[in-house]
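Encoded as structure tokens, the structure appears first; notes follow it.
The values are calculated or read from the model by the stated rules, or taken from the named source; none is laboratory data. In this text, all values refer to a predicted model and were calculated from it rather than measured experimentally. Positions of Cβ are generated from backbone atoms using ideal geometry, with glycine treated the same way; all protein chains shown enter the neighbour counts. Heavy atoms of the whole protein, side chains included, go into the accessibility calculation; ligands, DNA and RNA do not. Shrake-Rupley method; radii C 1.70, N 1.55, O 1.52, S 1.80 Å.
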2 protein chains.
Amino acid sequence: MAALPPGSIVGILGGGQLGRMLALAAARLGLKCHIYAPEADSPAFQVTPFRTLAAYEDRTALEGFAGAVDVITYEFENVPCEAVEFLEGLKPVRPGSTALRVAQDRLLEKQMARKLGAATAQFAAVDTFGDLEKAASEIGLPAVLKTRRFGYDGKGQITIRAAAAAERSYEPFRNKPSILEGFVEFRMEVSVVAARGLDGSFVAFDVVENEHRNHILNRSLVPAGISPSAEFEAIEIAKKILADLDYVGVLAVEYFVTGTAGREKLLVNEIAPRVHNSGHWTMDACVVSQFEQHIRAVAGWPLGDPYRHSDVVMTNLLGDDAEAWAALAAEPGAAIHLYGKAEARRGRKMGHVNRLSPRQA
Amino acid sequence: MAALPPGSIVGILGGGQLGRMLALAAARLGLKCHIYAPEADSPAFQVTPFRTLAAYEDRTALEGFAGAVDVITYEFENVPCEAVEFLEGLKPVRPGSTALRVAQDRLLEKQMARKLGAATAQFAAVDTFGDLEKAASEIGLPAVLKTRRFGYDGKGQITIRAAAAAERSYEPFRNKPSILEGFVEFRMEVSVVAARGLDGSFVAFDVVENEHRNHILNRSLVPAGISPSAEFEAIEIAKKILADLDYVGVLAVEYFVTGTAGREKLLVNEIAPRVHNSGHWTMDACVVSQFEQHIRAVAGWPLGDPYRHSDVVMTNLLGDDAEAWAALAAEPGAAIHLYGKAEARRGRKMGHVNRLSPRQA
């Protein structure tokens, strides 16, 4: 359980912007990164000379990768569990496949949250159209039908508003393990980005208020507009989740907030077993970012101080938003981050801006 | 004079920690870096897949490098002027060879400072022992004999305290263009790290108070313990120097401070035409670091906001200081930076720590 000394190599499965920012954070600490990704134009390939370009199913490549690194982590939860399990036989993988299996599955996620005493929307497993009819009558409509796995940014989900529409809505979900969730009239969405160290220590960044647009995160505001007691509760739930998963690394918990100010109710919505878009503000408003925090945990280092020195609003740059880079770069108090992606497809995450202001409280 | 768009490649001469931190800062902006360095174990090679391993005298390699990048900069002033001049014929080099020529030469540096109305220690060129005798009698002893070029961290200099010792002291300086400088009984050393954009815009970070140990920077403290009027003067002198050199990029000016508090006198000591050790605190106490500022200038981007959100003390980790990395990483409010150097030779810069505290004024 010793910490990996500077000069060690962290292997990262996935070469997107999260892998890229993890690699940049590791470099600050004198650690090297080896990126494993199946796409030749992976943004993370631009920031390290150590790479494997191969499919996640390529056992020979996985073996070579494991042999070239000291510890392994992943930048997104849709990496195949089989690849992670195979790698676990060769090198430490943090967080491990147990956390990945739970966080990949909306049903297991919600069952765990309930087990730990946290509230969630009503939910029921849906494997057949009969399950859907039964669940809809119990939970009531509107309700949201989601695939249990491989959904993100609103993909793989549909809102069912009337029983008559249920059959047509179900069509794309046939033969896919799914879940029906009660529709929550929430007042706000918040998240907690927290870390657990190899020694079981726990550290959370401040609670974040998130604004979505077309199911994609648009802005994160810190501090969040919720009461101190709700902040405390959000962090306590995250703490229980990380402990329950025997987790090592950074994890994000997303909540729906209902109820009035000072009497908020939190419903666990989703868990992401990785660094998270709603933690990008930490890059400029904290002395240790979520990316460095994850690397510290994975490498067995002490977790960093999560103190936030400034108030901050993070705004995603989607698609051609990033074309305004020159104007954004000229803004006082703003830090611009661009991910090195060549093609600005509609809705694609191209970068983000952190706008800082002096801390008010 | 257009700005280089994200995705462009910045070429950096030199692969030390400064080149490494420049490359990491460029990656934040979606820019790629190509490192040119003659040492295979260059720290900057660890953070980019684009590299040229070759001597600065290798014209073929320089040509290939120029062809692979969009703009060229350097991380240290001891890169041969001939290489920079050769590259200038192929691609924009920022800052250019004029600034490099002046900043490489202690005599030209001081002459420029005087021309701009800034004070310096007394000085005289020394090309022969006769020159030294004459200079010593005019300036008085003690005085410091320095090579005009290639000195850093106290290398290439000796203090002469008595006329009887002059001849022996001169021995290693024979046939090297040198300079004798009057010994300054300074109260404090401060520096200004400032930037000038491609459009002539000027931006300075807050003035830094520097503490040296064995001629090597030990700590930088911000804010510096000098009066606002002295801060203003230090920045004004830097502004004149950057304009006079038609400079593009980050430059550091080091000053000796004499006189009492509120009636300080500033003497220009040295100019470094590059990012500087006394600017490392900006990585954690400002929204835009000196490294990003340099990249912005070199790429023709708008300069960033130099606002300092926290008070900060930067401490260098020299030689085996860096062995305490685990304890340093556990310190609240501290950001640890390690440079990826394998061998911790005595006095070698292995990393630094920025210790932040809430801004007091």
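Protein-only accessible surface at a 1.4 angstrom probe places the residues A:Trp301, A:Trp325 in the order A:Trp325, A:Trp301, largest first. Computed on the protein assembly as shown, the Cα convex hull volume stands at 155 Å³ per residue. In the assembly of identical copies, B:Gly89 has its label point, taken 7 Å from Cα in the direction of the beta carbon, separated from the corresponding points by 6.1 nm (ascending, one decimal).
Using a Förster distance of 56 angstrom, determine the FRET efficiency expected from the C-beta separation of B:Glu39 and B:Ala361, and round it to 0.05.
Values: r = 43 Å, r/R0 = 0.78.
Efficiency, from the Cβ-Cβ distance: 0.80.
Rounded to the nearest 100, the interface formed by chains B and A buries 3300 square angstrom of accessible surface, both chains summed, with a 1.4 Å probe.
Between B:Arg348 and B:Ser137, what's the calculated FRET efficiency when r is the beta-carbon distance and R0 is 41 Å? Round to 0.05.
Working: r = 39 Å, r/R0 = 0.96.
Using R0 = 41 Å, I get an efficiency of 0.55.
Counting heavy atoms of the protein chains alone, B:Tyr307 has an accessible area of about 110 Å² for a 1.4 Å probe.
Interface burial in the range A:1-50 reaches 50 Å² or more for A:Leu24, A:Ala27, A:Arg28, A:Gln46, A:Pro49, comparing the full protein assembly with the chain by itself; accessible area from heavy atoms with a 1.4 Å probe. Residue order by solvent-accessible surface for A:Glu85, B:Glu109, A:Glu185 is A:Glu185, A:Glu85, B:Glu109, largest first, with ligands and nucleic acids left out and a 1.4 Å probe.
Across the range A:45-54, coupling constants 3J(HN,Hα) worked out from phi with the 6.51/-1.76/1.60 Karplus curve, θ = phi - 60°, read 5, 6, 10, 7, x, 9, 8, 10, 9, 6 Hz, and Gly and Pro carry x. Using alpha carbons only, the radius of gyration of the range A:235-361 set against its Kirkwood radius gives Rg/Rh = 1.00. Kirkwood-type hydrodynamic radius, the range B:303-348: 12.7 Å, calculated from all non-identical alpha-carbon pairs. Remark on B:Thr120: its backbone amide H falls under 5 Å from those of B:Val268, a criterion applied only to residues 5 or more positions apart or on other chains, H modelled at 1.01 Å from N.
Using every pair of separate Cα atoms, the Kirkwood estimate puts the hydrodynamic radius of the range A:87-186 at 14.5 angstrom. For the range B:335-360, accessible area lost to neighbouring protein chains reaches 40 Å² or more, against the chain alone with a 1.4 Å probe, at B:Ile336, B:Leu338. Of the residues B:Thr260, B:Ala285, B:Val298, the one whose Cα sits farthest towards the positive end of the charge dipole of the range B:238-361 is B:Thr260 (charges of +1 on Lys and Arg Cβ, -1 on Asp and Glu Cβ, taken about the Cα centre). What number, rounded to the nearest 500 deg cm²/dmol, is the helix-based mean residue ellipticity at 222 nm of chain B, given -39500 (n - 2.57) per DSSP H run of at least four residues and division by all its residues? -7500 deg cm²/dmol, from helical runs alone.
Set the Förster radius R0 to 41 Å, insert the Cβ-Cβ distance between A:Ala55 and A:Thr260 as r into 1/(1 + (r/R0)^6), and round the FRET efficiency to 0.05.
On the way: r = 51 Å, r/R0 = 1.23.
Efficiency at R0 = 41 Å is approximately 0.20.
For the range B:206-361, the dipole from Cβ point charges (+1 on Lys and Arg, -1 on Asp and Glu) about the Cα centre works out to 240 debye, to the nearest 20.
When the accessible area of chain B is computed with all protein chains present and a 1.4 Å probe, what percentage of it is carbon and sulfur?
Numbers: 7150 of 13920 Å².
Reported share for carbon and sulfur atoms: 51 percent.
Run through every distinct alpha carbon pair of the range B:168-302 and return the Kirkwood hydrodynamic radius in angstroms, one decimal place.
Working: mean 1/r = 0.0632 Å⁻¹.
For the range B:168-302, inverting the mean 1/r across all distinct Cα pairs yields 15.8 Å.
Kirkwood radius and radius of gyration were both taken over the C-alpha atoms of the range B:235-296, and their ratio Rg/Rh is 1.02. Here B:Thr147 sits with roughly 20 square angstrom of accessible surface, probe radius 1.4 Å. The dipole here belongs to the range A:9-141: it is taken about the Cα centre, uses +1 on the Cβ of Lys and Arg and -1 on the Cβ of Asp and Glu, and is about 600 debye.
Find the accessible area per residue for the protein assembly as shown; the probe is 1.4 Å, ligands and nucleic acids are left out, and the unit is Å².
Computed with neighbouring chains in place, this is 39 Å² per residue.
To two decimal places, what compactness ratio does chain A give when its Cα radius of gyration is scaled by 2.2 N^0.38 Å?
Output field value: 0.98.
Phi-derived couplings, Karplus 6.51 cos²θ - 1.76 cosθ + 1.60 at θ = phi - 60°, listed residue by residue for the range B:241-251: 5, 4, 5, 4, 7, 6, 7, 10, x, 9, 9 Hz, with x used for Gly and Pro. Sequence-distant contacts, meaning Cα pairs under 8 Å at least 6 residues apart, place the relative contact order of the range B:83-183 at 31 percent. Simple point charges give the picture: +1 on the Cβ of Lys and Arg, -1 on the Cβ of Asp and Glu, and for the range B:266-320 a dipole about the Cα centre of about 200 debye.
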